[in-house]
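Down below is the structure, laid out as structure tokens.
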Amino acid sequence: MTQTALHRRARAEIDLGALRANVRTLRARVAPHVQMMAVVKADAYGHGAVRCARAALDAGATWLGTATPHEALALRAAGLREARILCWLWTPGDPWAEGIEAGLDMAVSGMWALREVTEAAQATGRPARIQLKADTGLGRNGCQPADWPELVTEALKAEAQGLVKVTGLWSHFACADEPGHPSIPGQLDVFRSMLDYAEKAGIEPEVRHIANSPATLTLPEAHFDLVRPGIAMYGVSPDPAVGTSAELGLRPVMSLKASVALVKRVPGGHGVSYGHHYVTPGETTLGLIPLGYADGVPRHASGRGPVLVGDRVRTVAGRVAMDQFVVDLGGDLPEAGAEAVLFGPGDRGEPTAQDWAEAADTIAYEIVTRIGARVPRVYVGE
């Protein structure tokens, strides 16, 4: 199948002009001395890591962030050789030596990781750039306060031996997307205490950071030396409680579109899709949309997901299948090949990723990130 044919079936349009504008908007939210890390993990939340990383750097980001070392190494292999890149989700046996050779900043959350990275530094003959992560209350990755003195002490010993350079101290919020949540000041207090301990012990970090997208938008006291916007960079609000994309001055970057594959008349009482969870209430027309859960359309949105066809928003009729789903067109007869818009910025009355999140009882992060590789990305606004 040709690329043109693929794009006709379905496509995710990625507006890099909107991404650059979002980076500038976020940049304006923080003090001039505060650096910005563009988080491009998970293939830039489904938007395409390399293209989005370049656009973000063009717009003023100075760091890139990935979850896994393999994501970070792929950015280096794609030619992004100068940008600082932090990667934070390491497991035993991961490619520490390759990370050192690629000049990555690598997160260390516990003693096993410090041991592996120092062994890799000895093997390569080059010091590793590491950032110590503190668990200030999220309970995922990061070093607990009780274990922090040992990690700091051993990191300083490794630094004195020329094996590592501690470039950063950092943490992550649990509930920054819930303004006013009591855990927010609690985590900040813990973070400041752990920073104070490390710095008094002798660590001189280049950057201290804890602010994700919602904290970048709402918590200036959490900006420290660097902020790490992720979902906000792609124009999606972290949560309706923080504000809509428009209220935050952000524009959604991804639009998911498909061509209507078939339009047909059916009688009343006709079952639609697996299990016949939808039965036509009367004679009507059905439109077949060639996207399904293999493409990332959530099956949980069966019977609820909104789709713009023509000038009206329709609803998924029955179950979302692996490769396709149906909408009830209510007697309308668009041509096969007409455009169906699952989500976009909302300018034309089309649904947004947030609308799909509500239909699927999830968050907008998941809606954009789960769009699969079978859906080609088409970049505009370059």
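Values computed for the structure shown
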item	result
Pairs where the first residue, in the stretch 299-326, is of a type in the set (Phe, Trp, Tyr) and the second is open to solvent by 60 Å² or more (accessible area, probe 1.4 Å), C-beta under 8 Å, 6+ apart	PHE325/ARG319
Selection within the stretch 182-234 - out of contact with any Cys (no Cβ under 9 Å at 6 or more places or on another chain), more than 21 Å from MET36 (Cα to Cα) and of a type outside the set (Asp, Glu)	PRO185, GLY186, VAL190, SER193, TYR197, ALA198, LYS200, ALA201, GLY202, ILE203
Count of residues meeting criterion [closer than 25 Å to GLY235 by Cβ, among the aliphatic types (A, V, I, L, M) and part of a strand (DSSP E or B)] in the stretch 303-351	8
Some residue of the stretch 302-313 being more than 14 Å from VAL341 (Cβ to Cβ), surrounded by fewer than 13 Cβ atoms within 10 Å (Cβ to Cβ) and modelled with pLDDT of 95 or more	no
Odd one out for ARG265, checked against (1) open to solvent by 10 Å² or more (accessible area, probe 1.4 Å); (2) not in a strand (DSSP E or B); (3) not hydrophobic (A, V, I, L, M, F, W, C)	(2)
Residue that is open to solvent by 10 Å² or more (accessible area, probe 1.4 Å), over 29 Å from LEU188 (Cα atoms) and part of a helix (DSSP H, G or I), where the choices are ALA146, ALA123	ALA123
Long-range neighbours under 7 Å by Cβ, at least six apart or interchain, first residue at negative phi within the stretch 257-270, second surrounded by fewer than 16 Cβ atoms within 10 Å (Cβ to Cβ) and in a strand (DSSP E or B)	LYS257/GLU339; SER259/GLU339; HIS270/VAL279
Identity of the residue in the stretch 211-241, part of a loop (DSSP other than H, G, I, E, B) and more than 17 Å from the chain's Cα centre (by Cα), that ends up farthest from VAL380 (Cα to Cα)	PHE224
Complete set of residues in the stretch 46-70 that are open to solvent by less than 50 Å² (accessible area, probe 1.4 Å), assigned to a helix (DSSP H, G or I) and either under 20 Å from GLU98 (Cβ atoms) or touching a Gly at 6+ places or on another chain (Cβ under 7 Å) (or both)	ALA49, VAL50, ALA53, PRO69
Of all residues making up the stretch 8-33, the number that are within 30 Å of PRO290 (Cα to Cα) and open to solvent by less than 50 Å² (accessible area, probe 1.4 Å)	10
Test set (1) open to solvent by less than 10 Å² (accessible area, probe 1.4 Å); (2) modelled with pLDDT under 95; (3) not β-branched (Val, Ile, Thr) - GLU82 fails condition number	(1)
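The values are calculated or read from the model by the stated rules, or taken from the named source; none is laboratory data. Fair warning: this is a prediction, and the values are worked out from it, not measured in the lab. Using ideal geometry, Cβ is built from the backbone for each residue, glycine included, and neighbour counts are taken over all protein chains shown. With ligands, DNA and RNA removed, areas are computed over all heavy atoms of the protein, side chains included. Shrake-Rupley method; radii C 1.70, N 1.55, O 1.52, S 1.80 Å.
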